[in-house]
Amino acid sequence: MSNTTSVPTVPATVALSNNDVYRDKYEAVTKLTEINYRQWHKEIEVVLKSYNLLDIVLRNEKAPTTSTDSDSSTSSSSSSSSSSSTSKAQPTSPTRHKHRFEVRQSKAASIIYATLSDRIKFQLSKISDPADVWETLEKWLSAQKNNARAIRISNAFKEDRIKDTESVNEFLG
């Protein structure tokens, strides 16, 4: 008996090479092509959640505002000169939070781009914000999914014709 098993989400005619899969220390994600958006979407969501990055991609987590940066700098300037040299060495709390957000945002973009096929990467090469990439893919590939569905329905309708040997009741039944 063979040890190979077929994966239900991948057609048997598709052979995946190592170049078609993104792997990190926790997960493996099939790279996004024009035909596997639903599978890719489920897999990449798990990876982004595991790194606590999904809220950035979904725009549920926003970059910290910088208006508090000026408030922090004025409070530190009123302190003694010895403490101001210490505050220059260490960024203020809002700046630190903003920096952490930007690092996480870059990581999300990096993970998403690493899971795209070369063709899709090329088409999205001018978009750097991971949330913009996410929304663009959703719009672009959802439209393709809807077009594919319409074609399938149309083809099924064209193939579903009454046979010469069938009565109308048999055809409708």
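FYI, it's all coordinate maths here, none of it is from the lab. Small disclaimer: the values here were computed from a predicted structure and weren't measured. Because the Cβ atoms are built from the backbone with ideal geometry, glycine has one as well, and the counts that use them run over all protein chains shown.
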Listed by chain and number, the residues whose amide H is under 5 Å from that of Leu116, excluding neighbours fewer than 5 places away on the same chain and using placed H, are Leu32
Between Arg23 and Ser93, the two model label points (7 Å from Cα along the beta-carbon direction) sit apart by a distance in nm of 4.4 nm
So, over other residues within a Cβ distance under 13 Å of Asp118, counting Lys, Arg +1 and Asp, Glu -1, the net charge is +1
Residue separation between Lys62 and Glu138 times 0.36 nm, minus their alpha-carbon distance, gives in nm 25.4 nm
